[in-house]
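Asker: Below you'll find the structure I mean.
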Amino acid sequence: MTDAFEIHRRTWLYVLLALVCLGLAGGFGWLAYDRSAPVLAAPAVVLAGLGLNLVRAVGDIRTPLFVADDHGVRMVAEGGWVGLLWSEMGEIRVERREGLRHDPRIKVVSSDGRRFYTSPLGMATNVSPGEAEVQLAQRRSAAAY
């Protein structure tokens, strides 16, 4: 039995982005107050909301986004967790970056082909697409194909 393969968020990236957003929000808020320019309060509110959302993500940093083990995969999808046994999967593949619009991701398709689930990869996570391909190939048994 092998150890589970897990994908986590990069903590330092979320902390850095949260601090930058909150710092910029404070700067815009101070400018809006100092110059009596309410129009500058709009970016302050937007950046503060984004920064607080990132702080919330930092609090959830220990929870993996994707787990693969000898039995199957579990991932965060559709506001909750989804789990599939290897035998319940029609296909699992790592999709590389496609231009600027689509980040790399793991795509899991159900055996009936009607449902699919994705999990992010790349800069915001601790796993590269190449490493994910190797790890998933090691875990999926030959009988599941």
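Asker: So, of the residues in segment 110-128 that are modelled with pLDDT under 85 and loosely packed, with under 14 Cβ neighbours inside 10 Å, which turns out to be nearest to Thr63 (Cα to Cα)?
Answerer: Met123
Asker: Please find, among Leu84, Leu136, the residue that is part of a helix (DSSP H, G or I) and either out of contact with any Ser or Thr (no Cβ under 8 Å at 6 or more places or on another chain) or buried (at least 17 other Cβ atoms within 10 Å of the Cβ) (or both). Explain how you work it out, then say what you get.
Answerer: Numbers: Leu84 fails: part of a helix (DSSP H, G or I).
Answer to the selection: Leu136.
Asker: What number of residues in segment 110-141 are under 16 Å from Gly90 (Cβ atoms) and aliphatic (A, V, I, L, M)?
Answerer: Residues of segment 110-141 that are under 16 Å from Gly90 (Cβ atoms), as a first pass: 110-118, 136, 140-141.
Going one step further and asking which of them are aliphatic (A, V, I, L, M), we end up with 136.
Selection size over segment 110-141: 1.
Asker: Based on this model, can you work out whether Leu54 counts as modelled with pLDDT of 90 or more, touching a Cys at 6+ places or on another chain (Cβ under 8 Å), surrounded by 14 or more Cβ atoms within 10 Å (Cβ to Cβ) and under 30 Å from Ser128 (Cβ atoms)?
Answerer: Values: modelled with pLDDT of 90 or more: no; touching a Cys at 6+ places or on another chain (Cβ under 8 Å): yes; surrounded by 14 or more Cβ atoms within 10 Å (Cβ to Cβ): yes; under 30 Å from Ser128 (Cβ atoms): yes.
Taking the combined requirement at face value, the residue does not satisfy it.
Asker: Looking only at segment 63-78, decide whether some residue is out of contact with any strand residue (DSSP E or B) (no Cβ under 9 Å at 6 or more places or on another chain) and free of Cβ contacts under 8 Å to residues at least 24 places away in the same chain.
Answerer: no
Asker: Could you say which residue among Leu31, Leu22, Leu40 is outside the structural domain of Pro129 (by TED's automatic domain parsing) and closer than 30 Å to Ser119 by Cβ?
Answerer: On the way: Leu31 fails: closer than 30 Å to Ser119 by Cβ; Leu40 fails: closer than 30 Å to Ser119 by Cβ.
Exactly one of Leu31, Leu22, Leu40 is outside the structural domain of Pro129 (by TED's automatic domain parsing) and closer than 30 Å to Ser119 by Cβ, namely Leu22.
Asker: Please determine whether any residue of segment 102-109 is over 14 Å from the mean Cα position of the chain (by Cα) and loosely packed, with under 14 Cβ neighbours inside 10 Å.
Answerer: If we filter segment 102-109 for residues that are over 14 Å from the mean Cα position of the chain (by Cα), which is where we start, we get 108-109.
Filter once more, keeping what is loosely packed, with under 14 Cβ neighbours inside 10 Å: none.
The answer is no; no qualifying residue exists.
Asker: Please specify each residue of segment 1-49 satisfying the condition of being within 23 Å of Pro120 (Cα to Cα) and among the acidic types (Asp, Glu).
Answerer: Asp3, Glu6
Asker: Assess whether Ala41 counts as being assigned to a helix (DSSP H, G or I) and touching a residue at least 24 places away in the same chain (Cβ under 8 Å). So that I can check it myself, show each step before the final result.
Answerer: Numbers: assigned to a helix (DSSP H, G or I): yes; touching a residue at least 24 places away in the same chain (Cβ under 8 Å): no.
When the stated conditions are applied, Ala41 does not pass them.
The values are calculated or read from the model by the stated rules, or taken from the named source; none is laboratory data. As the structure is a computational prediction, the values presented were derived from the model and not from experiment. Ideal geometry is used to build each Cβ from the backbone, glycine not excepted, and the neighbour counts take in all protein chains shown.
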